[in-house]
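Only one structure is covered here, and it is reproduced in the block below.
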Amino acid sequence: MNKLQDQHIKKRFVFVILSLLLTTSGFSQIPGSLFMVSDNFYSQMYNPSYMRSDKAIEISVLGLGGFTFMNQGSFKISDFITTPEGKPVIDPINFYNNIPENNYFRQNLSVPMAYVHVPTRKGAISFYYKENASSVFRFKNEAIEYLINGNLEPEYADYSSDKVNLISAGYREFAVGYAKHYNKKLDVGIHAKLLFGSALVKAQDWNFKVKTAPDGRMINFDTDGGGKLAVPVEYRIRPDSTILSFDGYQAFRKYMTTYKNPGLAVDLGLTYQISDKDKISVAIRDLGFIWFRDKSMTMYAIGKYDYIGFDLINAIRWPEEPGYVDPVRLIDIVKDSIRSVWQPKVVEEGFAYGLGPKTMIHYQHEYSEFLSLGITNQSVIQNNNFQNRFTLSALQKWSYLSIFESISLHDVNSVSIGAGLQYELQFAQLFLASDNLIAFYHPANNKTFSVTAGICVLLNNKREKESKKQKGGARKRNGKFSPHLPFYENMPDLKKK
Amino acid sequence: MIKSFKKHLTKFAWILFILFLISCKTDEFKFDEITIKEDFRIKLKSPLYTGKDKKGDILEFADFIYNWSKPLEVDTTLPYTVLEYENRTPRIIPTDLIFNRSDIIDSLAFLIDGEYELEDVQLVFNVANASPFDLNTEISFLINGIAGPPILPAAFEAADFARIPIVPVTSIDTVLLDSAQCESFMKSKRLKLTAWYNRNDFINQNDTLSAHYPIDYSIVLIGMVKAKNE
């Protein structure tokens, strides 16, 4: 085997486990502290009732729009890829020894390709186009026991991976939004979204079993499970209904130009001003589905094969013997039979895929003009997967600079300290936020990290001018107002006049 | 001082933020740099070859005598033996043919080469012999048509024809491959199998033998699988 093939193997090994470990389907969340700033264009995408307090128009496009990336797992990447002597090494034993019994790994990437937010007299209208790719992979530690134990010892002769689940999806959303000041206290908003699914892999309750006979003369392979698959590329199917190959030519271009799997969804949001200092906001997002109908299929993992070794009978006997089969053909049959156990059979058919609804609830208290405090809870429910992030945030504002710090609790298994900043120039808004500051230093050594960053152009932003006017003209008052009501408040006759 | 600090607070914040980003340690690596841990092994046991298929068809005494696809010239002046078949005419063969080494498989595709290496390879020969003679087999792995070091398990014991009914005798012999054998095992793409029987008195008492004495012949592979890190 040449070096190129070796590298190919390593890549494949890494991709099978790590891409098994890196997968999609709508677990999109942003650092909770971003909900502290309602004029942030990401928080507006994640809560439709958010809008700017001024009349500035927000515009962002690919390149400026930035991204949000989230990684969350029950283990660290550094558990799997260790770096002894500074070199990255895949270490399955270390991985096995450091993972809990039930494991998950989630990733999400969202990239706004275009964003426009225009204020109106009573609110704001918005439009955005966003690419989403996300995944979640769940498995028990038993799934990798075969790698650790093999099948030689009698106690490891009966292997079962237990249930392995994977949802990985990519889709794009075109959203039209409307946010309105319903009354002095209540803002409401809605996003109506047209979705287009690009790709989906859903493996549900897959169980791989390998049972070895005590004398080693037979191995029973067995698989069961189901799932869905939709791909943006051409593929070929074998006569036994398993997939022979995918055509990877221009796969990315095909992914980005697939519009044959339509879907609909809505996001709803509201913000309620409890008092001058307190407000609460709620959003429910992604109430909808995608109808995958192009290159879409249902998968059935129902393979079973008893492997007893390669055939010697036909290898020894000659073609004149009755029932003779070419032994090389028999070798291929055995290999295909083993392969077909692991490869699911597919039936080409469309299916509807429900997006996982996401909820956000945020409470904010303005402690002073300078400092605000907030509590945010974000959760996602999809099939058996539940993800929750609880965040305590603090926001400090100096003029056009906002700095926020946060402590987040991810599900119940990890805590992280985050931070971020947002800066507004007259013509642009820039921000960067992460819910795990330490992960900037060593992302692989953290179970959870997310980062969101972006820039949007601001048109018609009069803040700067007003501020300058203030500087040059009437000075801002720094004194306190008297707590006593003016004397005429208690004189109704005078008031009428 | 405080006023000055406040005035330049934004600049300070940016400078601190830029310093923070510059100081970040990243986990960058290239895929070619990733290797599997050097001492990582998987203990594996797997069937390799079988002489008994799922339909119940099984290798027989005649199969280990000669590669019957090759023409056989019989010198009638030499001692001969008659091999009896159920569904075909008997074969008359030189008696020595049974006891001489024959390449019953000259070259069979052997396709275990993959993205791994094997260490501490053992081949477990599990043979239930129902023939009247001890059976010897020798395996060689061919590299560019040249046979590698032979792998020779102990003879598989013959059945006891003095007892009725005749019960096959099961012999299990495990051969630990040395480094040269292991290398040819890993690199080879073709297999050669040579077989012969040990002569005993039974041949002197019987000039006609059944071709169908069943011989359940299997080879199981035991080894440590290791990823290739080249």
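Data overview
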item	result
All positions within the range A:103-142 that are surrounded by 17 or more Cβ atoms within 10 Å (Cβ to Cβ), more than 28 Å from the chain's Cα centre (by Cα) and modelled with pLDDT under 90	none
Within the range A:194-209, considering residues that are farther than 30 Å from residue A:254 by Cα and surrounded by fewer than 19 Cβ atoms within 10 Å (Cβ to Cβ), the one farthest from the other protein chains (Cβ to nearest Cβ)	A:207
Residues that are modelled with pLDDT under 95, away from chain B (no Cβ under 14 Å) and over 22 Å from the mean Cα position of the chain (by Cα), drawn from the range A:143-179	A:143, A:160, A:161, A:162
Qualifying position, being of a type in the set (Gly, Ala, Ser), under 30 Å from residue A:142 (Cβ atoms) and out of contact with any helix residue (DSSP H, G or I) (no Cβ under 9 Å at 6 or more places or on another chain), among A:226, A:170	A:226
Residue within the range A:122-138 that is part of a strand (DSSP E or B), within 30 Å of residue A:46 (Cβ to Cβ) and in contact with an Asp or Glu (Cβ under 6 Å, 6 or more places away or on another chain) present	yes
In the range A:159-193, residue nearest to residue A:279 (Cα to Cα) [restricted to those that are crowded, with 19+ Cβ neighbours inside 10 Å and aliphatic (A, V, I, L, M)]	A:179
The range A:394-413, subset within 14 Å of chain B (Cβ to nearest Cβ) and among the hydroxyl-bearing types (Ser, Thr, Tyr), residue surrounded by the most Cβ atoms within 10 Å (Cβ to Cβ)	A:402
Qualifying residue in the range A:352-363 (condition: modelled with pLDDT of 95 or more, among the aromatic types (Phe, Trp, Tyr) and not in a helix (DSSP H, G or I))	yes
Per-region count, the range A:331-374, residues buried (at least 16 other Cβ atoms within 10 Å of the Cβ) and in contact with a His (Cβ under 9 Å, 6 or more places away or on another chain)	2
Whichever residue in the range B:26-48 is at the interface with another protein chain (Cβ under 7 Å from one of its Cβ atoms) and in a loop (DSSP other than H, G, I, E, B) and, among such residues, is modelled with the highest pLDDT	B:40
Yes/no for residue A:317 being within 11 Å of chain B (Cβ to nearest Cβ) and at pLDDT below 90	yes
Checklist (1) of a type in the set (Phe, Trp, Tyr); (2) within 25 Å of residue B:186 (Cα to Cα); (3) away from chain A (no Cβ under 11 Å); (4) touching a residue at least 60 places away in the same chain (Cβ under 8 Å) applied to residue B:133, failing item	(2)
Residue ID - modelled with the lowest pLDDT, chosen from residues in the range B:56-73 that are more than 8 Å from every other protein chain (Cβ to nearest Cβ) and in a loop (DSSP other than H, G, I, E, B)	B:73
Answer residue from the range A:44-59, given it is of a type in the set (Ser, Thr, Tyr) and buried (at least 24 other Cβ atoms within 10 Å of the Cβ) and is nearest to the chain's Cα centre (by Cα) among those	A:46
Number of the condition not met by residue B:121 [criteria: (1) within 22 Å of residue A:316 (Cβ to Cβ); (2) within 14 Å of chain A (Cβ to nearest Cβ); (3) not charged (D, E, K, R)]	(1)
The range A:267-299: number of residues that are among the basic types (Lys, Arg), within 27 Å of residue A:173 (Cα to Cα) and assigned to a strand (DSSP E or B)	1
Residues of the range A:65-98 satisfying the condition of being within 13 Å of chain B (Cβ to nearest Cβ) and touching a residue at least 40 places away in the same chain (Cβ under 8 Å)	A:71, A:76, A:77, A:78, A:80, A:81, A:90, A:92, A:93, A:95, A:96
Test: residue in the range A:222-243 that is touching a Leu at 6+ places or on another chain (Cβ under 8 Å), assigned to a strand (DSSP E or B), among the acidic types (Asp, Glu) and over 30 Å from residue A:35 (Cα atoms)	no
Test: residue in the range B:86-105 that is of a type outside the set (A, V, I, L, M), facing chain A (nearest Cβ under 9 Å) and within 30 Å of the chain's Cα centre (by Cα)	no
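Residue-wise test of (1) surrounded by fewer than 19 Cβ atoms within 10 Å (Cβ to Cβ); (2) small (Gly, Ala, Ser); (3) over 15 Å from residue B:60 (Cα atoms).
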position: B:120; (1), (2), (3): yes, no, yes
position: B:128; (1), (2), (3): no, yes, no
position: B:139; (1), (2), (3): no, no, yes
position: B:145; (1), (2), (3): yes, yes, yes
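One line per residue, one yes/no per condition, for (1) farther than 17 Å from residue A:30 by Cα; (2) buried (at least 17 other Cβ atoms within 10 Å of the Cβ); (3) within 12 Å of chain B (Cβ to nearest Cβ); (4) touching a strand residue (DSSP E or B) at 6+ places or on another chain (Cβ under 6 Å):
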| site | (1), (2), (3), (4) |
| --- | --- |
| A:415 | no, no, no, yes |
| A:420 | no, yes, yes, yes |
| A:425 | yes, no, yes, no |
| A:429 | yes, yes, no, yes |
| A:435 | no, yes, no, yes |
| A:450 | no, yes, no, yes |
| A:459 | yes, no, no, yes |
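The values are calculated or read from the model by the stated rules, or taken from the named source; none is laboratory data. None of the values given here were measured: they were computed from a predicted structure. Methodologically, a virtual Cβ is constructed for each residue, glycine included, from the backbone with ideal geometry; neighbour enumeration extends over all protein chains shown.
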